[in-house]
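The values are calculated or read from the model by the stated rules, or taken from the named source; none is laboratory data. These numbers were taken from a predicted model, which means no experiment stands behind them. Neighbour counts are summed over all protein chains in view; Cβ atoms, including those assigned to glycine, are modelled from backbone coordinates with ideal geometry. These area figures cover heavy atoms from the full protein model, side chains too; ligands, DNA and RNA do not enter into them. Shrake-Rupley method; radii C 1.70, N 1.55, O 1.52, S 1.80 Å.
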Amino acid sequence: MVVLVSGSGTLLQAVLDAAQDPGYGVQVVAVGADRDDIEGLRRAAARHVPTFVERLRDHPDRAAWDAALADRIGAYRPDLVVSAGFMKILGSAVLATHRVVNTHPALLPSFPGAHAVRDALAHGVTVTGCTLHAVDAGVDTGPILAQRAVEVRAGDTESSLHERIKVAERELLVTALPGLARVHPLDQP
């Protein structure tokens, strides 16, 4: 699989750690990013996983960037692409040529978008969590593949809650990926 990252790469690290076990059944063949000089790329390099960067600003428009990203991903011939903290919306070129899954720090369909943890706290929920979903043309609207609940505790801040969600998100992703990697591309959700 190819993993896409935009920042620290803690989800990527969880997958790289799990993939060290030959019985895990998942191999990360490349890590792509939309920004240079991020920890996620350093994590991949430390494990000798090839990396690439496809920056939006290097293209005349979003469609050109998306086509270039699709080509970069395609060069590695992945069975699956994992958007792991990748903070760009993927377009039709990527989605037409690759099976993509994404993690999200909320129990979708509640609280889609970039501020899910903040939104959950503002709404006063007592339970939130994380979701692994197939990526489609919408924002966090693809079919739900797996979820894990996380209790909202009295006194939680956005930061404290998000940290607990990240732990659950890493566990959820690592647990679900072997089964998803074995699904034939034509049988995608």
Per principal axis, descending, Cα span of the chain in whole Å: 47, 42, 35
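If I take R0 = 35 Å and measure r between the Cβ atoms of Y24 and D61 in this structure, what FRET efficiency does the formula 1/(1 + (r/R0)^6) give, to the nearest 0.05?
Working: r = 39 Å, r/R0 = 1.11.
Efficiency for this residue pair is about 0.35.
Give the relative contact order (percent, whole number) for the chain; include only Cα pairs under 8 Å separated by 6+ residues. The partial results should precede the final answer.
On the way: 348 pairs, mean separation 38.7, N = 189.
Rounded, it is 20 percent for the chain.
Which value, in Å², gives the accessible area per residue of the stretch 78-189 when a 1.4 Å probe is used on the protein heavy atoms? Mind dumping the intermediate values first?
Working: 5450 Å² over 112 residues.
In whole numbers, the stretch 78-189 has 49 Å² accessible per residue.
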Top of T51, T141, T126 by mean-square fluctuation, Gaussian network on the chain, Cα under 10 Å: T126
For T51, distant residues with modelled amide H under 5 Å away: V31
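Report the FRET efficiency, 1/(1 + (r/R0)^6), for R47 and S8, where r is their Cβ-Cβ distance and R0 is 25 Å, rounded to 0.05. Don't skip to the end; give the middle numbers.
Numbers: r = 15 Å, r/R0 = 0.61.
My answer for the efficiency is 0.95.
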Protein accessible area in the stretch 55-179, 1.4 Å probe - carbon and sulfur %: 54 percent
